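K.L.:
Questions regarding the structure given below will be posed in turn.
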Amino acid sequence: MGLGSLASRALRSSSSSRVLSTNPRYNLIRTIVSTPELHKPEAATEAASEPDLPKRTPIAGARVHFPNPDDVIEVFVDGYPVKIPKGMTVLQACSVAGVDIPRFCYHDRLSIAGNCRMCLVEVEKSPKPVASCAMPALPGMKIKTDTPIAKKAREGVMEFLLMNHPLDCPICDQGGECDLQDQSMAFGSDRGRFTETKRSVVDKNLGPLVKTVMTRCIQCTRCVRFASEIAGVQDLGMLGRGSGEEIGTYVEKLMTSELSGNVIDICPVGALTSKPFAFKARNWELKGTETIDVTDAVGSNIRIDSRGPEVMRIVPRLNEDINEEWISDKTRFCYDGLKRQRLSDPMIRGADGHFKPVSWRDALAVVAEVLHQVKPEEIVGVAGKLSDAESMMSLKDFLNRMGSNNIWCEGNGKYLDADLRSGYLMNTSISGLEKADCFLLVGTQPRVEAVMVNARIRKTVRATKAKVGYIGPPTDFNYDHDHLGTTPETLAAILDGNHPFSAALSTAKNPAIIIGAGIFDRQDTAAILSLLNSLSAKFKNLITPEWNGLNVLLLNAAQAAALDLGLIPESDSGMESAKFVYLMGADDTNLDDLPKDAFVVYQGHHGDKGVYRANVIFPSTVFSEKEGTYENTEGCVQQTVPAVPTVGDAREDWKIIRALSEVCGVRLPYDSISGVRSRIKNVAPNLLRVDEREAAVFSGLLKPEGSGKVSAVPFGVTVENFYMTDAITRASKIMAQCSALLAKK
């Protein structure tokens, strides 16, 4: 309070009238201050609503959304008024007020358990402290978080939690990022009174990814709730009661979910930690780099933790629109493949069939000599599924200058039409799937193709009981669904109204159809797309001005950007007549039809499948070593950031192509990554709007209808092995262990 305020208050006090108490027992003086401006009711309300309290910032920048202004209530946290929507808990109200309440069992994305009691606060007119995570906030509630009663309650809870907790901190992998450590220091006592023998619990075997030390467990049940609610598997549960209570599997089995690694992040203590990362490093030794994942087309946001030249672990990064705060096991644990089977030097295959390391000058000269000896129509370029937009733009420009336009990207089938972006993007957006009330999955198994998209569908099904129909081979889903059929003929039956699922589509407010990218390799692709367009014409609610329910779920990180840049094959028989093939990280391309005398250049970072047919090898960098632009399946553009130095003599993809173009005499007009992006701006300007999603302007209705009849051939399985889908995951020892366990199931 300033000196001016004190002076004015003193003057008002001296000029005010004094009235003596009529009770002789209390001969006290009461000061009455007359304030004329408060005689008006409006002014009194305004003065009461603006207390003299400092402005507070919500925890972690939390923002409150009021869907209905009539449902706003006001509560008081330590005397500070806070407006929140009706239905919020006391703990959430405290977070909005900028007060961080300690908690162990509570998690924003899980159901409320209320069993750790660490979040106790005092509420006026309540006879005892209440658990703020489970108590709904009521209008006018006065919450006190810093009183002696609340502090004593938290201290007592912490003493009970530490009663059986082992003194493992020096050897615990959670040390340095442990909630129990932090809250024990902040809210615990300096000594404990427990002198009996601590209990111990047998460790559980949950597989090759999650290490368990169950004696450290505090029974918060976060992992149990995550497994059943988010991952959709009933693998974990609570056994026993009292001091014999423990977390485990009901029968001896492994955790089978593709999201199992997330229990490591949500465990507040060292009971569940990363088995591959065990005893490797402390978190304060690591350098964190915020980047994105490229093992699928979702583009999950991740943080790469490295020490020196080595990637030590990968953890998720919050992005509400894409992956929330979860990542798949493949994303989290494939990092050991970044350093195994790497190509570090340019190599040329000798007459004896063996590769010999050479200099960059010699390797580029050999390739340039061969390029000038073949006809332009005999040159083919294939971009790999992990390629970034800059390298694909450079490859396309280079081959165009050599006279060839026969270039495509792995995964984009020969029957894919890239004229309209709505024909190959997820038009609903990943987060927009939560608004859907009916799903039709056509030829896609999202649980293995795009784990985070599948998690969104499961979240929607649990929250709204949305109906899910599936057309494709028998597969395993972690939510209720109806298997409608295995062939495209089921789509025709739905269109004709002869199928029960037609009624579900017609009555849904926001129906969503998700098409798997595998259909673009089928002969009847045009007929299937024509059927889907007819569906959108019949069911008017499928495409409206506010909703576009026709979606394509891509498989690979490079596909969307490749289609935006126009990497489309010029002819169906390009590989059969090719004499020169440039494989830029393309390891899953079928080379059986390639002529025996064709010259193959493999530019990649791993000695994978493409190396066996190569004549020359150019070593390149992986996504964790370069800056590159990627577009995910919904059309959101994101960039990777280099986290570790390159391996050996490897170079970035676009730099290799730029150097080769100069040796060939067709020098590309850019020398930096900014120059490549200036070129991209002329072809696909949306690829420069980083962290933005540019929706397709035109809907599927504007696409010309195809001809032909759908085939009776069933839809196939697109991803045979979830853990091994690209060069990085195939080089990973951890993924090989997971794949071996998958084969035993």
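K.L.:
Could you list, in sequence order, all residues of region 665-674 that are in a helix (DSSP H, G or I) and surrounded by 15 or more Cβ atoms within 10 Å (Cβ to Cβ)? Explain how you work it out, then say what you get.
P.N.:
To start, the set of residues in region 665-674 that are in a helix (DSSP H, G or I) comprises 673-674.
Answer for region 665-674, where residues must be in a helix (DSSP H, G or I) and surrounded by 15 or more Cβ atoms within 10 Å (Cβ to Cβ): just 673.
K.L.:
Sticking with this one: Only one residue in 461, 448 is open to solvent by 10 Å² or more (accessible area, probe 1.4 Å) and within 18 Å of the chain's Cα centre (by Cα), so which one is that?
P.N.:
That would be 448, the only listed residue that is open to solvent by 10 Å² or more (accessible area, probe 1.4 Å) and within 18 Å of the chain's Cα centre (by Cα).
K.L.:
Please work out which one of (1) among the hydrophobic types (A, V, I, L, M, F, W, C); (2) within 20 Å of residue 520 (Cα to Cα); (3) outside any helix (DSSP H, G or I) is the condition residue 468 fails and give its number.
P.N.:
(2)
K.L.:
Let me ask something additional. Which numbered condition in (1) out of contact with any Leu (no Cβ under 7 Å at 6 or more places or on another chain); (2) buried (at least 22 other Cβ atoms within 10 Å of the Cβ) is the only one that residue 633 fails?
P.N.:
Every listed condition holds for residue 633 apart from (1).
K.L.:
So the check is Cβ under 9 Å with 6+ separation or different chains; which pairs have a first residue in region 151-166 that's touching a residue at least 12 places away in the same chain (Cβ under 8 Å) and a second one that's open to solvent by less than 30 Å² (accessible area, probe 1.4 Å) and of a type in the set (Lys, Arg)?
P.N.:
165/216; 166/216
K.L.:
Just the residues that are open to solvent by less than 30 Å² (accessible area, probe 1.4 Å) and not hydroxyl-bearing (Ser, Thr, Tyr), please, taken from region 567-584.
P.N.:
Across region 567-584, the qualifying residues are 567, 574, 575, 578, 580, 581, 583, 584.
K.L.:
Follow-up question, since we're still on this one. Looking at 572, 588, 564 in this structure, which one is within 29 Å of residue 712 (Cβ to Cβ), among the charged types (D, E, K, R) and under 31 Å from the mean Cα position of the chain (by Cα)? Full working, then the answer.
P.N.:
Numbers: 572 fails: under 31 Å from the mean Cα position of the chain (by Cα); 564 fails: within 29 Å of residue 712 (Cβ to Cβ).
After ruling out the rest, the residue left standing is 588.
K.L.:
For region 540-588, which positions are assigned to a loop (DSSP other than H, G, I, E, B), farther than 30 Å from residue 656 by Cα and in contact (Cβ under 8 Å) with a residue 12 or more places away in the chain?
P.N.:
Once the filter is applied, which keeps residues that are assigned to a loop (DSSP other than H, G, I, E, B), farther than 30 Å from residue 656 by Cα and in contact (Cβ under 8 Å) with a residue 12 or more places away in the chain, region 540-588 yields 541, 542, 549.
K.L.:
Can you find a residue that is on the phi > 0 side of the Ramachandran plot and either open to solvent by 20 Å² or more (accessible area, probe 1.4 Å) or modelled with pLDDT of 95 or more (or both) anywhere in region 105-115? Walk me through how you get there before you give the answer.
P.N.:
In the first step, residues of region 105-115 are kept if they are on the phi > 0 side of the Ramachandran plot; the result is 114.
Those left that are additionally either open to solvent by 20 Å² or more (accessible area, probe 1.4 Å) or modelled with pLDDT of 95 or more (or both): none.
Within region 105-115, not a single residue is on the phi > 0 side of the Ramachandran plot and either open to solvent by 20 Å² or more (accessible area, probe 1.4 Å) or modelled with pLDDT of 95 or more (or both).
Here's the yes/no breakdown for (1) of a type outside the set (Ser, Thr, Tyr); (2) closer than 25 Å to residue 634 by Cβ; (3) modelled with pLDDT of 90 or more; (4) in a helix (DSSP H, G or I):
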| position | (1), (2), (3), (4) |
| --- | --- |
| 490 | no, no, yes, yes |
| 504 | yes, yes, yes, yes |
| 520 | yes, yes, no, yes |
| 530 | no, yes, no, yes |
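K.L.:
Also: How many of the residues making up region 589-629 are in contact with a Phe, Trp or Tyr (Cβ under 8 Å, 6 or more places away or on another chain), in a loop (DSSP other than H, G, I, E, B) and closer than 15 Å to residue 343 by Cα?
P.N.:
Total meeting the criteria: 2.
K.L.:
Do you know which of the residues in region 706-745 that are open to solvent by 20 Å² or more (accessible area, probe 1.4 Å), hydrophobic (A, V, I, L, M, F, W, C) and touching an Asp or Glu at 6+ places or on another chain (Cβ under 7 Å) is nearest to residue 475 (Cα to Cα)?
P.N.:
Looking at residues that are open to solvent by 20 Å² or more (accessible area, probe 1.4 Å), hydrophobic (A, V, I, L, M, F, W, C) and touching an Asp or Glu at 6+ places or on another chain (Cβ under 7 Å), I get 719.
K.L.:
Any residue that is surrounded by fewer than 12 Cβ atoms within 10 Å (Cβ to Cβ) and either over 30 Å from residue 262 (Cα atoms) or of a type in the set (S, T, N, Q) (or both) - is there at least one of those in region 81-89?
P.N.:
Step one: of region 81-89, the residues surrounded by fewer than 12 Cβ atoms within 10 Å (Cβ to Cβ) are 87.
From what's left, either over 30 Å from residue 262 (Cα atoms) or of a type in the set (S, T, N, Q) (or both): none.
No.
K.L.:
Could we say that residue 599 is among the aromatic types (Phe, Trp, Tyr) and within 17 Å of residue 730 (Cα to Cα) here? Working first, answer last.
P.N.:
Working: among the aromatic types (Phe, Trp, Tyr): yes; within 17 Å of residue 730 (Cα to Cα): no.
So residue 599 fails the test.
K.L.:
Quick check, is residue 26 of a type in the set (Phe, Trp, Tyr), surrounded by 10 or more Cβ atoms within 10 Å (Cβ to Cβ) and either modelled with pLDDT of 90 or more or more than 50 Å from the chain's Cα centre (by Cα) (or both)?
P.N.:
Working: of a type in the set (Phe, Trp, Tyr): yes; surrounded by 10 or more Cβ atoms within 10 Å (Cβ to Cβ): no; either modelled with pLDDT of 90 or more or more than 50 Å from the chain's Cα centre (by Cα) (or both): yes.
Considered against the rule, which asks whether it is of a type in the set (Phe, Trp, Tyr), surrounded by 10 or more Cβ atoms within 10 Å (Cβ to Cβ) and either modelled with pLDDT of 90 or more or more than 50 Å from the chain's Cα centre (by Cα) (or both), residue 26 comes out as no.
Condition check ((1) without any contact (Cβ under 8 Å) to a residue 12 or more places away in the chain; (2) of a type outside the set (Val, Ile, Thr); (3) open to solvent by less than 10 Å² (accessible area, probe 1.4 Å)) across all residues:
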{"position": "494", "(1), (2), (3)": "no, no, yes"}
{"position": "497", "(1), (2), (3)": "yes, yes, no"}
{"position": "506", "(1), (2), (3)": "no, yes, no"}
{"position": "510", "(1), (2), (3)": "no, yes, no"}
{"position": "519", "(1), (2), (3)": "no, no, yes"}
{"position": "523", "(1), (2), (3)": "no, yes, no"}
{"position": "530", "(1), (2), (3)": "no, yes, no"}
{"position": "535", "(1), (2), (3)": "no, yes, yes"}
{"position": "538", "(1), (2), (3)": "no, yes, no"}
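K.L.:
Given the criterion among the hydrophobic types (A, V, I, L, M, F, W, C), crowded, with 19+ Cβ neighbours inside 10 Å, more than 33 Å from the chain's Cα centre (by Cα) and at pLDDT 95 or above, identify the matching residue among 368, 363. Before the answer, list the steps.
P.N.:
Values: 368 fails: crowded, with 19+ Cβ neighbours inside 10 Å.
Unique residue meeting the criteria: 363.
K.L.:
Which pairs have Cβ atoms under 8 Å, sit 6 or more apart or on different chains, and link a residue in region 694-717 that is over 26 Å from residue 561 (Cβ atoms) and modelled with pLDDT of 60 or more to one that is open to solvent by 70 Å² or more (accessible area, probe 1.4 Å) and part of a loop (DSSP other than H, G, I, E, B)?
P.N.:
711/523
K.L.:
Right, another one. List every residue pair whose Cβ atoms sit under 8 Å apart, with the two residues 6 or more apart in sequence or on different chains, where the first one lies in region 86-98 and is within 17 Å of residue 67 (Cα to Cα) and the second, anywhere, is open to solvent by less than 10 Å² (accessible area, probe 1.4 Å) and assigned to a loop (DSSP other than H, G, I, E, B).
P.N.:
Qualifying pairs under 8 Å: 88/137; 89/132; 89/133; 89/137; 92/137; 93/137.
Listed here are the residues, each with its yes/no results for (1) within 25 Å of residue 729 (Cα to Cα); (2) part of a loop (DSSP other than H, G, I, E, B).
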residue	(1), (2)
370	no, no
373	no, yes
381	yes, no
391	yes, no
400	no, no
403	no, yes
408	yes, no
412	yes, yes
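K.L.:
Condition first: out of contact with any helix residue (DSSP H, G or I) (no Cβ under 6 Å at 6 or more places or on another chain), among the aliphatic types (A, V, I, L, M) and surrounded by fewer than 24 Cβ atoms within 10 Å (Cβ to Cβ). Now tell me which residues in region 403-441 satisfy that.
P.N.:
If the condition is that a residue be out of contact with any helix residue (DSSP H, G or I) (no Cβ under 6 Å at 6 or more places or on another chain), among the aliphatic types (A, V, I, L, M) and surrounded by fewer than 24 Cβ atoms within 10 Å (Cβ to Cβ), then 420 is the only one that fits.
The values are calculated or read from the model by the stated rules, or taken from the named source; none is laboratory data. Only a predicted model underlies this, so the values are computations on that prediction, with no experimental measurement involved. Backbone-built Cβ (ideal geometry, glycine too); neighbour counts: all protein chains shown. With ligands, DNA and RNA removed, areas are computed over all heavy atoms of the protein, side chains included. Shrake-Rupley method; radii C 1.70, N 1.55, O 1.52, S 1.80 Å.
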